[in-house]
Amino acid sequence: MTSRAIASGKRIFEVLDTESAVKEKPNAMVLSNVKGDIQFNDVNFSYESTKPGKPPVNILENIKFEAKSGEMVALLGATGSGKTTLVNLVPRFYDVTAGSIKIDDIDIRDVTLASLRRQIGIVQQDSFLFTGTIRDNTSYGVIADEEDIINAARTAHLHDFIITLSDGYDTWVGERGVTLSGGQKQRLAIARTLLIDPRIRILDDSTSSVDTETEFLIQQALRELMKGRTTFVIAQRLQTVKDAQQIFILDKGRIVEQGTHIQLLQDSKIYREIYELQLCAQEEALGVEVKK
Amino acid sequence: MFGGGMVGGGGLFGRPPGGPMGGLTHSSDLSDDIVFGKVYDQKVVSRLVVYLNKYEFSAVLASVSMVISTLTTLFMPFLFIDAINIVQTSDASTLDPIIRFLLHNYNVQGNSHILTLIFVVFVVDGLIAWGSQYIQQYTMANIGYGIIRTLRRQMFDNLQKLSLGFYDRNEVGRIMSRILNDVGSLENLLSNGLLLVFADLITLVGIVIILLGLNIKLALITMAVIPILVVVMIVWQKYSKIAFLKVRIAISIVNASLQENISGTRVIQSLSREDVNFQRFDNMNEDNFDANVSATRMSGGLQPIVELLMGLAIAIVIIYGGSQAIAGKLLLGSLVGFVLYTQRFLDPIRDLSIWYTELQRAMAGGQRIFEVVDAKIEVVDAPDAIELPTIKGEINYDHVSFEYIKDREVLHDINLHIKPGETIAFVGTTDAGKSTIVALVDRSYEVSKGSVTIDGYDVRKVTQESLRKQIGVVLQEPFLFSGTIRENIIYGREYATEEMMIEAAKAVGAHDFIMRLEKGYDTVLQERGSNLSQGQRQLISFARAVLSDPKILVLDEATANIDTQTEVIIQQALKRLLKGRTSLVIAHRLSTIHDANCVVVMENGKIVEMGNHQELIEKKGTYYHLYTMSYACTDEKLTRPEKHEAT
């Protein structure tokens, strides 16, 4: 009994004493009303080495680019190339190990975490729902009017579905509530982000589990809302990324190719391969149709 | 699994509790974990008795040892009475009948010899008591855990056989709760509770008889406190049940909140909700604290009251019995005996009141367990089902309709003929019915109207085993089991040789990446293969399908999410996989759709268009609409590289 209690006590204090690697500076200021210019200055990132004596491996290396307010930046690359890590650095889920990230020329380490994250909306790969009603989940983090909530749900093409539920916006979701499909969850997360309307938006593979018709609708909605917002998009589908002002292809933590869709089609072998695999066939098929 | 087809179709939502087709009952609380039933539920008990039959000998042995151990324990204070009485009176007639019998038989005389005999009897009695207690507990554990094992086995067996419809109607969490919590509450009762209840009852009755035998008047006066004690216990039990229920609910809320907040950290941080969530958690934590404190107050409050009543009873014994003893009307030994037995009242009464609650939980648990054991398997082999002979792979849907819930058809009048070796691509929006239509081939669901035939055999007229052996199913999210890659590939085809396995892996292009892993085919997969990429997991499931070499293949293609390099490998693998088989593919890849012999376009549970890609494009119907929306650009004309260079 006693020895077990002592062991458990040790483990509890371990949790209590773990310090967050991301810390606010004592004199951190509040970031407000950003334009949304984002700069990555020679950013390196590595996770702490878990094996003592073994130097940490860089997950990101020499990432350098500038995204102007209102631009869309698309990230392409194989699994494990560092796309998600890169966007995770912007809201400071992790801190860079070298270099710096600036929003409107302010180093993100100089501002409070809450004020920084308030400017950023994230739609993740695996959308997470909290136990609560659909309304709670949509307005999670903000106080919002009924009308705003419905508008956000409409834009995310979720409203029509919600009203088919017997409790409508008061339907319970999450762990023990009604189960939503992957696409529905994602659209709910999109509605959440729309409601908050942040200046900077991160879409992590956000349309992958939505059927093609819904994806099309969501993309239209997003395109409308990207105006004046700086957006990072991680995607596998070229369809999603080809409108981006800047497309980066990542490989092993480095940006290996960059440019617009048209530039990359000309200059990048990798991009052309992806293109041929995904879009070319479709265009050809359509092309045949168009000729007739 | 195939349930995906109905999401958004309204099927999953708003279904009545229990459902029209054998859903599990819901408890009133949200958690579904804490339920109470009747103290004695004839149905549950009679079901359990059937299981007891198997343990006839053990059950008799346990009961006999229980009676022996209870009686021998009850007898012990008697020996104190005897010892004191013999010292006080030197009169052998004050002794109890058993000792008197022994004295007579062995002709023992003189106080010191009598005391020695009493000591010997005490030791023997003690040994018998402990021995029989050991046998009782051991055999009861055997029976109890044996029954629990059988129940778990039956639940598992039935859960595996239940058709997918059952899983559409009952969330995994609730089914798990049955297996974990309900079995747990029954386990407690079966492994030791049942007999202890009887032991307690025997003890109570025994004490009453002994007290009455010692001195009727004193016994009646002493037992005057019993009704008060019983009332106190019942009232306490009622409130403490509520208090402990609150404790259980409070801690489960705290745990759920912890789980949710830890798994949702990224969202919470990105929305800066830490403070609000902390406040919420703090409130829940406080509720838990309050619940525990008041429950402890409850149980703590009982002890003094009971002690007080017991003290009162003993005080009565001492005052009244003492005066009787002084007057010479009561032997000293009997007085001590009264005190000893009165103290023994407490335990059985307290135990019984606790078992009262346990019984309620166990009965409810039992009822819910039998719901799972009895859940009707909707898809069963016909009594005259035949073995499906080796098939060529011709499939025919003849006026097929299907409904998950009565009068809500998901498929309407489907007619489709598929020749052996053809690849059919099903296309349509999420709830068009694509998943459902392919799930009818291996009888994962049963048609509501019409028939599905394979090589002319109605799938309902052949055994499910012979049917499913010839049909391979590859799901969108391949389910990999914890084990090595080798075990995962040969899953279900354990007779496969090493060469066959490697050949299958090579056929789908999985061999190279497997060999690059440190341990090759012996690489142990983590939970659901999370140490592999999604594409690699798919390739393994393809290899599994190739190895089993089915004539008919049902494939739910994964949507996107795969990086380009893997995509190339998968497209090639798919070609190999589909070759030479009748394949039903829920298609998301354009390459698959292109290569299909026939594209079936579905909308609202109906086939709206059929033909190859080119024909359908030219038709400019639903397919054309879907296609242009999904794949083509709407806002600008795409510039192809060649054209670009040309301009």
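Readers should treat all values here as calculations from the given coordinates under stated rules, not as data from a laboratory. Computed from a predicted model, the values in this text were never measured in an experiment. Cβ: placed from backbone, ideal geometry, glycine included. Neighbour counts: every protein chain shown.
Scanning residues 5 or more positions from residue A:232 or on other chains, those with amide H under 5 Å from its amide H are A:73, A:201, A:202, A:203, with H placed 1.01 Å from N in the peptide plane. Based on alpha-carbon atoms, the Kirkwood radius and the radius of gyration of segment B:451-605 give Rg/Rh equal to 0.98.
Applying the Karplus relation 6.51 cos²θ - 1.76 cosθ + 1.60 with θ = phi - 60° to segment B:594-606 yields 3J(HN,Hα) values of 4, 7, 5, 5, 8, 9, 9, 9, 10, 8, 6, x, 10 Hz, where x marks Gly and Pro. What fraction, in whole percent, of alpha-carbon pairs in segment B:249-321 exceed 14 Å separation? So the portion of pairs separated by more than 14 Å is 72 percent.
If the limit is 19 Å between Cα atoms, which of B:392/B:419; B:469/B:551; A:10/B:246; B:506/B:579 go over it? Don't skip to the end; give the middle numbers.
Numbers: B:392/B:419 9 Å; B:469/B:551 9 Å; A:10/B:246 29 Å; B:506/B:579 15 Å.
Cα-Cα > 19 Å for A:10/B:246; rest within.
Residues whose amide H falls under 5 Å from that of residue B:525, counting only those 5 or more places apart or on a different chain, are B:483, B:484, B:485, with hydrogens built in the peptide plane. All distinct Cα pairs of segment B:36-374 go into the 1/r average, and the inverse of that average, the Kirkwood radius, is 24.2 Å.
Using just the alpha carbons, could you tell me how many Å³ per residue the convex hull of segment B:225-375 encloses?
On the way: hull volume 22.7 nm³, N = 151.
For segment B:225-375, the hull spanned by Cα atoms encloses 151 Å³ per residue.
For chain B, find the longest principal axis of its Cα atoms and tell me its angle to the long axis of helix B:225-263, 0 to 90°, nearest 10. It is inclined by approximately 30 degrees.
Please find the FRET efficiency linking residue B:130 to residue A:7, where r is the Cβ-Cβ separation and R0 is fixed at 56 Å, and quote it to the nearest 0.05. Show your work: numbers first, answer last.
Details: r = 34 Å, r/R0 = 0.61.
Plugging the Cβ-Cβ distance into 1/(1 + (r/R0)^6) gives 0.95.
Which residue, chosen from B:303, B:67, B:220, occupies the Cα position most advanced towards the positive end of the dipole of segment B:36-374, where the dipole is computed from +1 (Lys, Arg) and -1 (Asp, Glu) charges on Cβ about the Cα centre? Positive-end residue among those listed: B:67. Among B:166, B:244, B:156, the ranking by other beta carbons within 10 Å of each residue's beta carbon, starting with the fewest, stands as B:156, B:244, B:166.
Each label point was placed 7 Å from the Cα along the Cα-to-Cβ direction; for residue A:94 and residue A:66 their separation is 2.7 nm.
Here the simple spin-label model places points 7 Å from the Cα toward Cβ, and for residue B:245 and residue B:382 these points are separated by 5.0 nm.
Excluding same-chain neighbours fewer than eight residues apart, no lysines are reachable from residue B:54 by a Cα-Cα span under 17 Å. Computed from label points 7 Å out along Cα-Cβ, the spacing between residue B:461 and residue A:79 is 4.5 nm.
Reported value for segment B:198-301: 103 Å³ per residue, from the convex hull of its C-alpha atoms.
If Rh is defined by the Kirkwood formula over all Cα pairs and Rg also comes from Cα, what ratio Rg/Rh do you get for segment A:127-197?
Taking Rg over the Kirkwood Rh, I get 0.91.
Taking the Cα centre of segment B:36-374 as reference, the dipole from Cβ charges on Lys and Arg (+1) and Asp and Glu (-1) amounts to some 580 debye. Seen from all directions on average, segment B:422-500 presents a Cα convex hull projection of 7.7 nm².
What FRET efficiency do you get for residue A:30 and residue A:245 if R0 is 25 Å and r is their Cβ-Cβ distance, rounded to the nearest 0.05?
On the way: r = 29 Å, r/R0 = 1.16.
With a Förster radius of 25 Å, E is 0.30.
About its Cα centre, the dipole of the protein assembly as shown is roughly 1380 debye, where the only charges are +1 on Lys and Arg Cβ and -1 on Asp and Glu Cβ. In vacuum, with every alpha carbon of the protein assembly as shown counted as one equal point scatterer, what does the Debye formula give for log10 I(q)/I(0) at q = 0.05, 0.07 Å⁻¹? Two decimals, please. Log10 I(q)/I(0), no solvent term: -0.45, -0.77. Cross-link reach is defined here as a Cα-Cα straight distance under 17 Å, omitting same-chain residues fewer than 8 places apart; for residue B:161 the aspartates and glutamates meeting it are B:171, B:371, B:374, B:378, B:381, B:442, B:446, B:465.
Helix-only arithmetic for chain B: the sum of -39500 (n - 2.57) across DSSP H runs with n ≥ 4, divided by the residue total, places the mean residue ellipticity at 222 nm at -19000 deg cm²/dmol.
Taking the C-alpha atoms only, the angle from helix B:346-374 to the longest principal axis of chain B is near 20 degrees. Listed by chain and number, the lysines whose C-alpha is less than 22 Å from the C-alpha of residue A:25, apart from same-chain residues fewer than 8 away, are A:102. The smallest convex shape that holds all Cα atoms of segment B:29-135, its convex hull, gives 180 Å³ per residue. The calculated FRET efficiency for the pair residue A:16 and residue B:152, based on their C-beta separation and a Förster distance of 56 Å, comes to about 0.90. With no solvent and one point on each alpha carbon, what is the Debye value of log10 I(q)/I(0) for chain B at q = 0.08 Å⁻¹? Once normalised to I(0) and log-transformed, intensities are -0.82.
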